[in-house]
1. Under 8 Å for C-alpha pairs, at least 6 residues apart: give me the relative contact order for the chain, rounded to a whole percent.
2. Using only the Cα atoms of region 63-135, each taken as one equal point scatterer with no solvent, compute I(q) by the Debye sum, divide by I(0), and report log10 of the ratio at q = 0.19, 0.20 Å⁻¹.
3. For helix 99-108, report the angle its Cα long axis makes with the longest principal axis of the Cα atoms of the chain; keep it between 0 and 90° and round to the nearest 10°.
4. If the limit is 25 Å between Cα atoms, which of Lys108/Lys177; Lys86/Lys154; Lys131/Lys158; Lys154/Lys176; Lys38/Lys137 go over it?
5. Relative contact order for region 62-156: what percent, with Cα pairs under 8 Å and sequence separation of 6 or more?
6. Dividing the convex hull volume of the Cα atoms of region 96-173 by its residue count, what figure in Å³ per residue is obtained?
7. Angle, helix 164-176 long axis vs. longest principal axis of the chain, Cα atoms, 0 to 90°, nearest 10?
8. Could you give log10 I(q)/I(0) at q = 0.11, 0.12 Å⁻¹ for region 25-176, computed by the Debye formula over C-alpha point scatterers of equal weight, without solvent?
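Read-outs: derived from the displayed coordinates by stated rules, not from any lab. It should be emphasised that the depicted structure is a prediction, and the values quoted were computed from it without experimental measurement.
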Amino acid sequence: MKSINARVRNVSLLAVLSLMAVTAFATPEVGQPAPEFKMQDQNGDWRSLSDYRGKWVALYFYPKDDTPGCTTQACAFRDNIFAFRKIDAEIVGISLDDVETHQEFAEKYSLPFTLLSDKDGETAKRYGVLKNYGVMKLASRQSFLIDPDGQIVKHYEKVDPESNSTQMLADIESFKK
């Protein structure tokens, strides 16, 4: 009986430690330059933040391709693509999924914007959104609005997948005034 209780305690302790193992990294502050990155998109092409200089960037991190919340968020950005293009803004999604998974996700939902593969989690770490759950690492659902000069002008820590796109559009319009 004692060894069963000890095992239960060990398993419980391991579960708690796994949940607490969420790694916190410094998130860049509003007003700071957005951390540079270079990753492959869903087509295997290399993209870097400097490619978007001169444009507004709606940069959003999400946990996993083809999951309910992530699909809702991506489709909301897709549905607003013409509004983003009208104000000369780019949409860039980043997760730790690989290029092939991004390609399948983009094709399945007709996503007309860039999805970047941060397979090693380095970019998510530099933006302070990498979460380490022991056996699994994910990017937390957070977004950053980057101005044409490459500065972070807004950080969205609590993101609603349904309204993130319209919220970012409205904020770009507000900043442009």
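1. In percent, rounded to a whole number, it is 31.
2. Debye intensities relative to I(0), on a log10 scale: -0.81, -0.88.
3. Long axis of 99-108 versus the principal axis of the chain: about 60 degrees.
4. Result: Lys108/Lys177 exceed 25 Å.
5. That works out to 26 percent.
6. Convex hull volume per residue, Cα atoms: 125 Å³.
7. For helix 164-176, the angle is close to 40 degrees.
8. Values, matching the q order: -0.36, -0.43.
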